[in-house]
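Structure record follows, encoded as structure tokens.
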């Protein structure tokens, strides 16, 4: 993982560019599709960014992060599959 701080708005704010590398092992490596892995990585990044914003604003983190639970990969995968299925059916019934 690498992070770089970038000043924006003439130093009035800071953007953090975050780059995360990963490797899949075990069963997930055997069945994962690139799109599914990208969606999962995006979900984790969004959750991280949302909770970081909340902490910087002096608020408690959202959801599971507030209770400092470990990462539940199964729940993340189920949520991701549910969202992809919902999006699939939305595309079908729009036309």
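No lab work stands behind these numbers, since they all come straight from the coordinates. Given the structure is predicted, the values throughout are model-derived calculations rather than measurements. Backbone-built Cβ (ideal geometry, glycine too); neighbour counts: all protein chains shown.
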field: Label-point separation in nm, residue 94 to residue 24, each point 7 Å along Cα→Cβ
entry: 2.6 nm
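Going by average Cβ neighbours within 10 Å, how do the peptides 37-43, 2-8 rank, with the highest at the top? Walk me through the intermediate numbers first.
On the way: 37-43: 13.9, 2-8: 8.9.
Output ranking for 37-43, 2-8: 37-43, 2-8.
Can you give the extra length, in nm with one decimal, that the chain gains between residue 5 and residue 86 once fully stretched, where that is 0.36 nm per residue apart less the Cα-Cα distance?
Working: separation 81, 0.36 × 81 = 29.16 nm, distance 3.61 nm.
Length gained between residue 5 and residue 86: 25.6 nm.
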Separation in nanometres of the label points that stand 7 Å from Cα toward Cβ, at residue 56 and residue 76: 2.2 nm
- line: Placing each pseudo-label 7 Å from Cα in the direction of the beta carbon, residue 16 and residue 33 end up separated by a distance in nanometres of 3.3 nm
